[in-house]
């Protein structure tokens, strides 16, 4: 997952001259000294919980039951589209992340596994506090 994200970020930098996605840029703009702790809790914990419940829990339970390929494929695409990407590679980063999280959930049948992975993926947001 980290390798794929690194490769896609490198491609985004090369082709679009962006080192950060629009979604990450918007989150960074919201962080001030007064909001840092709240934003960290929101981005690292609350957003992953909400997204996992919605995209993996609800979506895969109601759509494409007993069709794991489509559960993973569609959950990942919808997850990616909801992250306001500004270019193809940025969108691909989020779609790929959605596919990975959906795959983990569908194959383990345990939301806490995809949730833990999602939290770990968002945890580097904390580094924004130290810039």
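Classify segment 82-131: rounded, prolate or oblate, from the alpha-carbon gyration tensor (a ≥ b ≥ c, eigenvalue square roots; a/c under 1.5 rounded; otherwise prolate if a/b is larger than b/c)? Intermediate values should be presented prior to the final figure.
Details: a/c = 3.50, a/b = 1.24, b/c = 2.82.
Oblate shape, in that a/c is at least 1.5 and b/c is the bigger or equal ratio.
Specify whether the C-alpha gyration tensor of segment 30-131 places it in the rounded, prolate or oblate class, a ≥ b ≥ c being the square roots of the eigenvalues: rounded for a/c under 1.5, otherwise prolate if a/b is larger than b/c and oblate if not.
Values: a/c = 2.55, a/b = 1.73, b/c = 1.47.
Here segment 30-131 falls in the prolate category.
Using a 10 Å cut-off around each Cβ, can you sort 115, 42, 81, 101 from fewest to most neighbouring Cβ atoms? Display every interim value, and only then the final one.
Numbers: 115 21, 42 17, 81 13, 101 26.
Ranking 115, 42, 81, 101 by Cβ neighbours within 10 Å, fewest first, gives 81, 42, 115, 101.
Where a number appears in this text, it was derived from the coordinates with a stated rule and is not lab data. The shown structure was predicted, so the numbers you read here are calculated from the model rather than taken from an experiment. In this analysis, Cβ positions are derived from the backbone assuming ideal geometry, glycine residues included, and neighbour counts consider all displayed protein chains.
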